[in-house]
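The values are calculated or read from the model by the stated rules, or taken from the named source; none is laboratory data. In this text, all values refer to a predicted model and were calculated from it rather than measured experimentally. Heads up, the Cβs are rebuilt from the backbone with ideal geometry, glycines too, and the neighbour counts pull from every protein chain shown. Side chains are part of the model used for accessible areas, which takes the heavy atoms of the whole protein and leaves out ligands, DNA and RNA. Shrake-Rupley method; radii C 1.70, N 1.55, O 1.52, S 1.80 Å.
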Amino acid sequence: MTADARLVRDLVGRLDDQEPLVVVVGDCILDRWTVGEAERVSREAPAPIVRVTETIAVPGGAANTAVNARALGARVRMVGYVGDDEAGRTLRDRLAAAGVDTTFLVEVAGATTTTKDRVVGGDRVVVRVDAIADPPDAAARAQLGTALRRALRCADAAVVCDYGLGVDPETVVPVVDLDRPDAVLVDAHDLRRWAPLRPDLVTPNAGETARLLGADLGTGAARAVAAAGSRDELLRATGAGAVVVTLDRDGTVLLEGAGAGSSAGDGAGSSAGAAAGSSAVAAAGSSAGADAGDVWAPFRTRATPAAEQQASGAGDTFCAGATVALAVGSTLREAVAFAQAAADVVVREAGTSVCSARALVGSVTAPAETVVDHDELADAVDRARATGRRIVFTNGCFDVVHRGHTSYLRQASELGDLLVVALNDDDSVRRLKGPERPINTAEDRAGVLAALACVDLVTVFATDTPIPLLRRIRPDVYVKGGDYSPEMLAETAVVREYGGEVVMVDYVPEHSTTAVVRRIRESS
């Protein structure tokens, strides 16, 4: 089982045992999806005609955060505004059906509930139509303050979800300061407004981070480096103990401050390394030499790639995941890794989706059988890829497994979600290493590798190179030790041809199998 799977199972178990109380205060939205087939273009305008097959209405915005927190195992109280219209009644009903306590919703007479209507033709959103509620008046704000004060009683965590639609810091901050839970998070378009709340964690996306800094972050993975270099400025601007910048396909970068508290301090180094697992990996910090257990070093998570043309609300799921994890005492790094895993689940779904505890555990659980033949391997990889998991592949003889091997395999596992190790059979080892090798049979070698926690699947191949197997399963990442270079490998051209990535990981010197065998023979 991967470290991610262990982290998720542990946290889901703790959530089930403790059932923490989470208060979500923010802008409630009703998301409606009208789905159909786009058959032709209208004569009246250059727009597709969509033949409707179904209409779906689900909680969005802060309400989506609330539903996700409940689905992950927390008890949830929703605090926010709704109108006394049909959309407001539908939103309240959907929240209640999901198990969210709607007692603390403020119904504003004569008001419109904010709705976002999307028309989907085929596999694309054709148009989105928004109906935005008017700002609440003084009486409604007073009602919200009273409702929030009641909702915060005995709460383990609170999260503010501000989409600029009415929930304001002038109402919320004084109330939270009176009865502050152990963990307070903010997800807001304009985080400067919430600096007086002194949140434990804020979750800006790349665009929101750029606006905070007044500077462009760049593109792709370079955004994480730019954000990490601006750690102090982001912490000052938001008033937060820690900032996690969400970078869609490039995962996240967590920037922790000295005052991040026990969630980011004493425990950060204890299980954060294990929490990193296969999709969350520690990145080099803004200070040279910082490591995964250093609270000052940026901490990275890796997102699982997925098509997301119709996906919506992954940020809400991420926020919910981080909140419920902190509500049961997780470290910040564990909470961010857990939240990333939850967000990875919903980006694979169309529409505004919810990540349940069961779906989350299922998404990170490796196949039960570790040593497989090529057909079984292809099936397992297809299943993993269908759920958006990143496939990592490496190969070798692994005759006498030593520390160099385990270090190399651990690094390989951190590059994705499913590590496949292809093992040379006995005949191919003899061709490559000489007639006195292998020391151990393929069956024994496979059994040893299968017992390593970082290895998910092991298969044996008979050719001198794994190229036929690479062509069949097309892993996302092909890994070799740093004693090679990509140009030395015949496999490089094959992997790059189908769009895969070739990665060289650190080489541990003086730990080759040949050296181990030589020392054994010399000692005897």
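Here are a few things to note about the model shown:
- When the surface is traced with a 1.4 Å probe over the full set of protein chains, TRP33 keeps roughly 10 Å² accessible.
- Per-residue extension of 0.36 nm, minus the Cα-Cα distance of ARG211 and ARG472, leaves a gain of 89.5 nm for this segment.
- Using the average count of surrounding beta-carbon atoms within 10 Å as a protection proxy, the listed peptides 166-174, 180-188 rank, highest first, as 180-188, 166-174.
- Protein-only accessible surface at a 1.4 angstrom probe places the residues ILE439, ILE467, ILE56, ILE473 in the order ILE439, ILE56, ILE467, ILE473, largest first.
- Among 241-252, 331-342, the order from most to least packed when residues are scored by Cβ within 10 Å on average: 331-342, 241-252
- Per-residue SASA entry for ARG211, accessible area with 1.4 Å probe, Å² rounded to 10: 150 Å²
- Heavy-atom accessible area ranking, 1.4 Å probe, most first, across SER330, SER42: SER42, SER330
- Where labels lie 7 Å past Cα in the beta-carbon direction, separation of ALA138 and ARG150 in nm: 2.3 nm
- Within the shell of other residues whose beta carbon sits under 11 angstrom from the beta carbon of ILE132, the net charge comes to -2, with Lys and Arg scored +1 and Asp and Glu -1.
- Stretchable slack from THR55 to ARG236, in nm (0.36 nm times residue separation minus alpha-carbon distance): 60.7 nm
- Checking every one of the GluC sites (Glu not before Pro) in segment 386-461 against DSSP loop status and a limit of 12 other Cβ atoms within 10 Å picks out GLU436.
- Exposure of VAL400 as accessible area (Å², to 10), given a probe of 1.4 Å and all protein chains: 30 Å²
- Accessible surface ranking that places the most exposed of MET504, MET78 first, with a 1.4 angstrom probe: MET504, MET78
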